[in-house]
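In what follows, a single structure is set out as structure tokens and then discussed.
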Amino acid sequence: MIIVMKPGCTPQDVEHVAQLVRDRGLKDQVIVGTDRTVVAAIGDERRVDMSAIESAPMVERLVPILAPYKVASREVRPQGSVIPIGRGVEIGGRRLTVIAGPCSVEDEVQIIRIAQSVKLAGAHALRGGAFKPRTNPYEFKGLGEEGLRLLAKARAETGLPIVTEVMSIDQVDLVAEYADVLQIGTRNMHNFNLLVAAGRTRKPVLLKRGWSATLNEFLLAAEYVMNEGNNMVILCERGIRTHETYVRNTLALGIIPAIKRESHLPILVDPSQGTGHAYMVPSMSRAAIAAGADGLLIEVHPDPEHALTDGAQSVTPSVFSQLMADVQSIGAAVGRTT
Ligand code: PEP
Ligand code: MN
């Protein structure tokens, strides 16, 4: 941390700030320039609250040097993390991973049929919500444990690992019993107690970016999980809230190179929640792979018009199959395999 003093500060002001730095267990070093004096705080500033120093007299501003995340930071593992999600499937590294399936598990025939068709098209894992966070409390909220049982059946039929959302702490043990990957949704990215509970399991966690979260907040949420000893965090960009109305969310693909620079964690893109419209999903899938995403999370439904949730953004199995072929070509152009 560099503390920049205001012009005209006295040696007493500077010493006062230097003392505040020492009070926090860090070393101080005062650098007197021709126009400005700065105080460098030396040591790990991430474990102490430096922000209050801003209120000391004659302090102009604080300039952090270290990113606040520690274990999620790229420097911890410059080569990038590869996260095994079960049954020989990994996320990260050269291979792309596509997780596909319905927004919600609706019934046995639906989930088995979709699992078989996405597997045939080359998907690596099956998604499907059993506990659904709904904006409107009167809409379908998922089949609950029955949905988890059906997902497990679909896994037994197809061999695909299953990814499903956990919405609250009291669901963690139950969902972890069935799922290969625990999904934490956009609405819960800031639910720190849930992040901690997921971090105490030994299941990979697919963490969606909060729809108004900054990159910093996103990585600090990952840090919450990892701080409990669970390093298996898979990030997922799913679009953010903007002023735009022709999309449900604005898919912020610029976060992919930024995450790659800042963190070793793999990042997937969800163009289904990320656009809200099925017709946009194939092109945004291609764009995500071209931009360096490690894979995709895609909603697929054989009868989108009758889907219980998110039909407007669900692609049919035949569109999905073409999408997989396109992803393979784009992937090859950027050095990735499927
Ligand atoms: C979903 O994947 O169906 C979902 C609810 O995602 P999000 O949390 O990104 O809205
Ligand atoms: Mn959905």
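The values are calculated or read from the model by the stated rules, or taken from the named source; none is laboratory data. None of these values were measured; they are calculated from a predicted model. Heads up, the Cβs are rebuilt from the backbone with ideal geometry, glycines too, and the neighbour counts pull from every protein chain shown. The protein model used for the area step is the full one, side chains on, heavy atoms only, and it has no ligands, DNA or RNA in it. Shrake-Rupley method; radii C 1.70, N 1.55, O 1.52, S 1.80 Å.
Provide the per residue accessible area, probe 1.4 Å, for region 2-63, rounded to a whole number of square angstrom.
59
Ignoring ligands, DNA and RNA, what percent of the 1.4 Å accessible area of region 83-333 is carbon and sulfur?
That share works out to 51 percent.
Along region 263-270, what does the Karplus equation 6.51 cos²θ - 1.76 cosθ + 1.60 (θ = phi - 60°) give for ³J(HN,Hα), rounded to whole Hz, x for Gly and Pro?
9, 8, 6, x, 10, 9, 10, 10
Using only alpha carbon pairs under 8 Å that are at least six residues apart, calculate the relative contact order of the chain and give it in whole percent.
16
Leaving out ligands, DNA and RNA, and with a 1.4 Å probe, what % of the accessible surface on region 2-63 is carbon or sulfur?
Accessible surface attributable to carbon and sulfur in region 2-63 totals 52 percent.
Taking K and R as +1 and D and E as -1, what net charge do the other residues with C-beta under 13 Å from the C-beta of Met232 add up to?
+1
Which far-off residues, 5 or more places away or on another chain, put their amide H under 5 Å from the one on Ile298, with H placed in the peptide plane?
Ile99, Ala100, Gly101
Using the Karplus curve 6.51 cos²θ - 1.76 cosθ + 1.60 with θ = phi - 60°, work out ³J(HN,Hα) for each residue of region 181-189 in order, rounded to whole Hz, and write x for Gly and Pro.
Listing the rounded values in order: 9, 8, 8, 10, x, 4, 6, 10, 4 Hz.
Taking amide hydrogens as modeled 1.01 Å from N in the peptide plane, which residues meet the under 5 Å criterion relative to Val59, leaving out close sequence neighbours?
Here Lys6 satisfy the definition.
Spin-label point model (7 Å from Cα, Cβ direction): what's the Arg61 to Asp35 distance in nm?
1.3
So what's the convex hull volume per residue for the Cα atoms of region 2-63, in Å³?
So the per-residue hull volume is 68 Å³.
Give the long-range amide H neighbours of Ile85: residues separated by 5 or more places, or on another chain, with amide H under 5 Å away, using H modelled in the peptide plane at 1.01 Å from N.
Close amide H contacts, sequence-distant or interchain: Glu90, Ile91.
Could you grab the relative contact order for region 202-334? Cα pairs under 8 Å, six or more apart, rounded to a whole percent.
19
Could you give me D for region 1-151, from Stokes-Einstein at 20 °C and 1.002 mPa s, where the hydrodynamic radius is the Kirkwood radius over C-alpha pairs? Units µm² s⁻¹, please.
Stokes-Einstein gives a translational diffusion coefficient of 104 µm²/s.
Hey, what's the Kirkwood Rh for the chain if you take every pair of different alpha carbons, in angstrom?
21.4
Charges only on Cβ, +1 for Lys and Arg, -1 for Asp and Glu: so what's the dipole of region 2-63 about the Cα centre, in debye to the nearest 20?
So the magnitude is around 120 debye.
Say each of Ala325 and Arg149 gets a label point 7 Å from the Cα, pointing the same way as Cα to Cβ; how far apart are those two points in nm?
4.0
Determine the shape class of region 265-338: with a ≥ b ≥ c the square roots of the Cα gyration tensor eigenvalues, call it rounded for a/c under 1.5, and otherwise prolate if a/b is greater than b/c, oblate otherwise.
prolate
Restricting to the chain, what percent of DSSP beta bridges are antiparallel, rounded to 5?
40
Taking region 79-160, which GluC sites (Glu not before Pro) meet the DSSP loop condition and have no more than 11 other C-beta atoms within 10 Å?
In loop regions of region 79-160 (DSSP not H, G, I, E or B), the sparsely surrounded GluC sites (Glu not before Pro) are Glu139.
Return the calculated 222 nm mean residue ellipticity for the chain, to the nearest 500 deg cm²/dmol, obtained by summing -39500 (n - 2.57) across DSSP H runs with n ≥ 4 and dividing by the residue count.
-9500 deg cm²/dmol
How many Å² of accessible area per residue for region 272-338, probe 1.4 Å?
37
Quick check for me: using +1 on Lys/Arg Cβ and -1 on Asp/Glu Cβ, what's the dipole size of the chain about its Cα centre, in debye to the nearest 20?
680
When the Karplus curve 6.51 cos²θ - 1.76 cosθ + 1.60 is applied with θ = phi - 60°, which whole-Hz ³J(HN,Hα) does each residue of region 63-75 get, with x for Gly and Pro?
Karplus-based 3J(HN,Hα) across region 63-75 equals 10, x, 9, 8, 5, x, 7, 10, 6, 8, 6, 4, 5 Hz.
Based on alpha-carbon centroids, what's the gap between region 145-219 and region 1-79 in Å, whole number please?
Between the Cα centre of region 145-219 and that of region 1-79, the gap is 38 Å.
Report the residue, chosen from Ala125, Ala307, Ala100, that carries the largest GNM mean-square fluctuation when the chain is represented by alpha-carbon nodes joined by springs under 10 Å.
Ala307
Could you sort out which of Lys70/Lys119; Lys119/Lys203; Lys153/Lys203 sit more than 30 Å apart by Cα distance in this structure?
Distance filter (> 30 Å) returns Lys70/Lys119.
So which trypsin sites (Lys or Arg not before Pro) in region 187-229 are both in a DSSP loop and have at most 10 other Cβ atoms within 10 Å of their Cβ?
Counting only loop positions with at most 10 other Cβ atoms within 10 Å, the trypsin sites (Lys or Arg not before Pro) in region 187-229 are Arg202.
With springs only between Cα atoms under 10 Å apart, run a GNM on the chain and tell me which of Val175, Val76, Val59 wobbles the most.
Val59
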